[in-house]
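Notes follow once the structure below has been shown.
The values are calculated or read from the model by the stated rules, or taken from the named source; none is laboratory data. Quick caveat: nothing in here was measured; it's all calculated off a predicted structure. Here Cβ is always computed from backbone atoms with ideal geometry, including for glycine, and neighbour counts include all displayed protein chains. With ligands, DNA and RNA removed, areas are computed over all heavy atoms of the protein, side chains included. Shrake-Rupley method; radii C 1.70, N 1.55, O 1.52, S 1.80 Å.
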Amino acid sequence: MIARRTRELGAYCEIVPFDTPWSELAPRTPAAFILSGGPESTLVEDAPGIDPAIVTSGVPMIGICYGMQLLARELGAELVKLDHAEYGPATLQVAERATPLFQDVPGEMRVWMSHGDSVVRLPAGFSTLAATQRCSVAAMADPKRKIYGVQFHPEVMHTENGRTVLRNFLREVAGLADEWRMESFVDSAIDAIRAKIGSDKVICALSGGVDSAVAATLVSRAIGEQLTCIFVDHGLLRKNEAEEVVGAFRDVMHLNVRAIDARERFLKKLAGVSDPEEKRVIIGHEFIRVFEEEADKIAGVKWLVQGTLYPDVIESKTPESKAGHKIKSHHNVGGLPEKMNFGLVEPLRLLFKDEVRELGRVLGLPEAVVGRQPFPGPGLAVRIIGAVTPERLDVVREADAIVREEIDAAPLEPHPWQYFAVLTPVQSVGVMGDGRTYANLVAVRAITSEDGMTADWARLPHALLERISSRIVNEVRGVNRVAYDITTKPPATVEWE
Ligand code: XMP
């Protein structure tokens, strides 16, 4: 989140592991360091630390939360464990108005805290910039050495003026101009792709999603006809989606696309399978098989384009023991290459999702592709609870089309981030005309979210919910009841599976 905010402020940044030595960083001539927070305590024996040479490097730096405590410890301050940790909102009283860090912020503001330890005696050369009721050193600085620390979290939405504080550090302290722009990224990315690939042949699996579409378009700008894209229609896409995306790839993005109709193959493999993880594995494997068969038909391919994003790169660098638990295996065109003998071209590996969308717009991709909702790789198969059949696919596809049509047409603020229909195996009694029905329950899910990691259910207007419900029961055969999902994530996930 800190990195995203920093880039939003026009400063390019990368995340490196905390134990990266200065000798590795120095050759890259960093303009500034931001030391992030973390769940540990600096007071325990083997607390994660940084190379002291970073602290004495003379590069401007700011420590946030644990980062500030780490700086304080390195520089000889005294820290204590608080009797009661300080979590959540607190009122920050700015003590030093003249500091560049607090330029354009009020003397008092609400900030977000999350710490169990506190700095109680400052390191030599430092002064206190701000305090809260429970935390006497909520911000500190040694302006001569350009070392700053904040105990609160400027990167979170709940901290007032957090963005300004971060901007002040970048501009006023580190002297960084607002100059990280997608337009300049495009030129350097195209040069890098050309240099890497030369005159070789390249393939790319298109999923219909934003990432692979943007990656393929960028590569095709660089090397044109040397790139062949493969689009596998597994029959689990939304209504009209296969035709729409292939149309956009060919006619708007001018990609060289082979569209493979593999619908029968996937349906056969999925016959009788109800377990969600099993569905995901089957679809993932079958996808690779189809892709390999098609790739084999093109002679002399040396490279594979992948839409890997920065969060995946960061995650794969996180040590196993510290990584989160696996909740669901995610299938994307991602996991392709291990068995295949291709080099990888990952032109988006330093970008965040929002930046990929922006890049797509800069490249002139249609809004239907760039603004596309996130959609699971295994598609509608995970939105049918229980076995996947052609009939059940039709039901969920029609219901989903209604949900999207109605919500797309509604002037909602904020517009939900993702919305769809789920076909449940629940059957219940209904009455239609003069007859009793016994038919399926469809659930509607609409969420607000920033990245899908956490989500709230969207407060849709009742009139809109009514229209969605009445259209589904009237227009979709086999459905006589509609429920709206009002659970947040956590504890629920976005997809039902
Ligand atoms: P969950 O259900 O895990 O979903 O809360 C979080 C977000 O991820 C999307 N999702 C996927 N995206 N490949 C993807 O690219 C997948 O296999 C996959 N499964 C879930 C989901 O739609 C939501 O936006």
Beyond 41 Å, what share of the Cα-Cα pairs of the chain remains, rounded to the nearest whole percent? 33 percent
Once the dipole of the stretch 389-484 is set up from charges on Cβ (+1 Lys and Arg, -1 Asp and Glu), the residue from the list 463, 437, 411 lying farthest towards its positive end is 437
Based on the alpha-carbon gyration tensor of the stretch 36-116 and its eigenvalue square roots a ≥ b ≥ c, which shape applies: rounded if a/c is under 1.5, prolate if not and a/b is larger than b/c, or oblate? oblate
Helix 210-223 vs. the chain, principal-axis angle (Cα, 0 to 90°, nearest 10): 80 degrees
Quick shape check on the stretch 330-450: root eigenvalues a ≥ b ≥ c of the Cα gyration tensor, a/c under 1.5 is rounded, otherwise prolate if a/b tops b/c, else oblate, and it reads oblate
Along each principal axis of its Cα atoms, how long is the stretch 2-173 end to end? Whole angstroms, biggest number first, please. 42, 38, 28
Whose amide H sits under 5 Å from the amide H of residue 79, counting only residues 5 or more places off or on another chain, with H placed in the peptide plane? 120
Proximal charge balance of residue 245 [Cβ under 14 Å; K/R count +1, D/E count -1]: -3
Give the angle, between 0 and 90 degrees and rounded to the nearest 10, that separates the Cα long axis of helix 276-296 from the longest principal axis of the Cα atoms of the chain. 80 degrees
Chain lengthening between residue 181 and residue 121 when straightened (0.36 nm per residue, less Cα-Cα): 17.5 nm
Angle between the chain longest axis and helix 462-475 axis [Cα atoms, degrees, rounded to 10]: 30 degrees
Could I have the simple spin-label model distance between residue 256 and residue 15, label points 7 Å from Cα toward Cβ, reported in nm to one decimal? 3.7 nm
Could you sort 144-153, 224-233 so that the peptide with the highest average Cβ count within 10 Å comes first and the rest follow in order? 144-153, 224-233
Report the equivalent ellipsoid semi-axes for the stretch 389-484 in whole Å, largest first, defined as the square roots of five times the eigenvalues of the gyration tensor built from alpha carbon atoms. 25, 14, 11
Given a 1.4 Å probe and every protein chain left where it sits, what share in percent of the accessible area of the stretch 182-370 is carbon and sulfur? 50 percent
Please calculate how many Å² of accessible area the chain carries per residue, with a 1.4 Å probe and no DNA, RNA or ligand atoms counted. 48 Å²
Along its principal axes, what span do the Cα atoms of the stretch 101-244 show, with the longest given first and each in whole Å? 63, 38, 27
Given the Cα-Cα distance of residue 349 and residue 462 and 0.36 nm per residue of separation, how much length would full extension add, in nm? 36.5 nm
For the cross-link pairs 268/297; 201/239; 239/297; 196/297; 239/269, which exceed 27 Å when the distance is taken from alpha carbon to alpha carbon? 201/239; 239/297
Can you compute the helix-only [θ] at 222 nm over the chain? Use -39500 (n - 2.57) per DSSP H run of at least 4 residues, normalise by all residues, nearest 500 deg cm²/dmol. -9000 deg cm²/dmol
Using Cα pairs closer than 8 Å and at least 6 residues apart in sequence, work out the relative contact order for the stretch 389-484, in percent. 30 percent
Relative contact order [Cα under 8 Å, 6+ residues apart], the chain, whole percent: 10 percent
Taking the Cα centre as origin and putting +1 on Lys and Arg beta-carbons and -1 on Asp and Glu beta-carbons, what dipole magnitude results for the stretch 442-497, to the nearest 20 debye? 340 debye
Fraction of accessible area attributable to carbon and sulfur, the stretch 50-144 (%, probe 1.4 Å): 50 percent
Within the accessible area of the stretch 389-484 (1.4 Å probe), percent carbon and sulfur: 53 percent
Cut-off 13 Å between beta-carbons: net charge of the residues surrounding residue 42, Lys and Arg +1, Asp and Glu -1: -4
